[in-house]
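One structure is given here, and the rest of the page talks about it.
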């Protein structure tokens, strides 16, 4: 059968506090008992020694002067303040001398040490305390004198009992303090941990409820909870980013792909409704095919961006020379640039070995070069696109495509790398609106960045390859 | 030409069978990997078109199995996967060419025809001739009617590829893949501009065209 355990008892902190409480209590008990028994034993043996010494001096007084001398001696001693007990009694039990008024019956019948403390009443005790209730306890040595008289020398147990009291009290105090300590630990550690875990649970429930903007609380203490929360927050940010991307893509698909799909459908319908002239049909079909090709291209680009965003894998990269990629892409686009009256130049020196995926980098670069040529063509007197590759300090490479075209307004610069974003003036140019998004995804795949800056006139698109994507010098 | 299409999508397979038939080929269809493997094992086909994802036995395993049996029929892999790595795995498994779905039939046809005539003879020929056009692979010279034409290195490689497949349709994608070794889709028709440059060099000052544009498909180098 399982017991129902309150939630707070289920916390690690509460369990640990309880465990420590038990452990400390055990240790304290053992220690206190050891110390108390040791001190009581010491006091007892001290008492016995004192009593024995006292008895010996009394015995000597008896030997010297007989009973009168003993009685006198006891009388003297009895008047002195102290814890010692003196008593001379007749064999019948009648007390002759000493500082004891009465004592527990049966004590005087003992010969030798009393086996256990006995109760007695002393002269000079407050009369208010009734004679029937002797208030002191003592141990004593009972001796038979040669004349059958009984001599009792003892010592009050007040001191050892006080010690025992102190010990007992300190034990209770120790237990109390440990209880308070455990409670404090439980309060500070358990409650705090529980509170923080609860807040994390609450936050995650909110997030699970659909609020992806929610974040786990970070207190700034820098402890393990903070580290956990921070990591989870980074994860959430990434999830939110992916989610946003997905949402944006679906929104854009709805918008940007619906338009050409509708156009495609309308064209087919119009062709079907119009004259049954084979040439019209043919033209309509050809238009439909090229429209579908454009759609497929767009889909492929979306798919590729999603795959790139899904993550980096070293298997997909190898050591490639950025300079060779630049040369290849520039060579590929040079005739197009020339045809459009744009001067396309490469400013590259030496080799630039990085660990990257040649296809992806070439594709990203060709998208950027394609844009630069398209938009600078016909703009200004001498449209010019320069692709330059420079070593960055402290590390990495900067691959820059600079044009002197119309550029991108400052406010739009962030936006143009988003999917499907096409600035109004570019609507007339062919393209899916995914070129820069793909280039950005490619750079992020390589742990690099894609940056845009104004050139006045023109635009500079920078592909920044970080140091860690560089090929190992020894490798 | 006998072509075996191993494709489980019934509609796509029927379309391919019909379209290849109309293009003058004799196409057979196998609906799953196991059947495809059995049929292809006969070695009587000129080209195999193999889908990567097949029931019973996947495409790459079919190809690897055929290669292990010593059957060297050229294979065109069809795949819905399109990453660079998928292509590399496909070619490593023994495929000869790789086409990503969705594809244009003209692209598939051009590739199948190029594969079927992928004989070793062209590899050892040092001089390609198409009509009065002559390309010397060793001395890197191009002559037309005995007159030397100066080409850029890339133009030379472009012409070399076109001449190697003279009489066959060569698509823009095939040129980009084989001449530039890029497998992405450039946004602009960069290939067209390269081809028209080459064309102006080899046709200017000559009466007869040799480099023909095949509408909706690509290019073909053919003597008039």
Exercise for review: Over the Cα atoms of the protein assembly as shown, compute the convex hull volume and normalise it per residue, giving Å³.
Suggested key: 361 Å³
**Study point:** Relative packing of B:65-76, A:327-338, which averages over residues the other C-beta atoms within 10 Å, highest first
**Key:** A:327-338, B:65-76
Practice item. From other protein chains only, count the Cβ atoms within 10 Å of every residue's Cβ in A:356-369, then give the mean. Key: 3
Check your understanding: For labels at residue A:189 and residue B:12 in the simple 7 Å Cα→Cβ model, what's the distance in nm?
Key -> 6.2 nm
**Study point:** Förster-model FRET efficiency, 25 Å R0, residue A:296 and residue A:254, C-beta, rounded to 0.05
**Key:** 0.90
**Study point:** Net length gained if the chain between residue B:86 and residue B:204 were fully extended (0.36 nm per residue, minus Cα distance)
**Key:** 38.3 nm
Practice item. Using Cα centres only, tell me the gap between segment A:162-185 and segment B:176-194 in whole Å. Key: 87 Å
**Study point:** Simple label model, 7 Å out from Cα along Cβ direction - residue A:56 to residue A:173, nm
**Key:** 3.8 nm
Check your understanding: Roughly how many whole Å is it from the C-alpha centroid of segment A:312-378 to that of segment A:59-102?
Key -> 122 Å
**Study point:** Gain in span if fully extended, residue A:80 to residue A:123, counting 0.36 nm per residue against the direct Cα distance
**Key:** 14.3 nm
Check your understanding: Per residue of B:187-197, how many C-beta atoms from partner chains lie within 10 Å of its own C-beta, taken as a mean?
Key -> 6
**Study point:** 0 to 90° range, to nearest 10: angle between helix A:224-252 axis and chain A longest Cα axis
**Key:** 20 degrees
Exercise for review: For residue A:444 paired with residue A:266, estimate the spin-label separation in nm (one decimal), with each label point 7 Å from Cα along the Cα-to-Cβ line.
Suggested key: 3.4 nm
Check your understanding: According to the square roots a ≥ b ≥ c of the eigenvalues of the Cα gyration tensor, what is the shape class of segment B:166-224, taking rounded for a/c under 1.5, prolate for a/b larger than b/c otherwise, and oblate for the remainder?
Key -> prolate
Study note, to complete from the structure: If the chain between residue A:148 and residue A:40 were fully extended at 0.36 nm per residue, the gain over the current Cα-Cα distance would be 35.5 nm
Point to revise | Residues residue B:212 and residue A:230, FRET efficiency given R0 of 56 Å [Cβ-Cβ distance, rounded to 0.05] | key: 0.30
Check your understanding: How many Cβ atoms of partner chains, on average, are near each residue of A:334-342 if near means within 10 Å of its Cβ?
Key -> 4
Practice item. Assuming a ≥ b ≥ c are the square roots of the Cα gyration tensor eigenvalues, decide whether segment B:2-116 counts as rounded (a/c under 1.5), prolate (otherwise, with a/b larger than b/c) or oblate. Key: rounded
Study note, to complete from the structure: Output ordering of B:196-204, A:352-360 (per-residue mean of other Cβ within 10 Å, highest first) is A:352-360, B:196-204
Check your understanding: Once the Cα atoms of helix B:105-116 and of chain B are each reduced to a long axis, what angle between those two axes, in degrees from 0 to 90 to the nearest 10, is obtained?
Key -> 90 degrees
Check your understanding: By how many degrees, between 0 and 90 and to the nearest 10, does the Cα long axis of helix A:322-339 differ from the longest principal axis of chain A?
Key -> 30 degrees
**Study point:** Share antiparallel - DSSP beta bridges, chain B, percent rounded to 5
**Key:** 50 percent
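Laboratory data are not the source of any read-out in this text; all were calculated from the coordinates shown. These numbers were taken from a predicted model, which means no experiment stands behind them. Note that each Cβ is placed from the backbone with ideal geometry, even for glycine, and that neighbours are counted across all protein chains shown.
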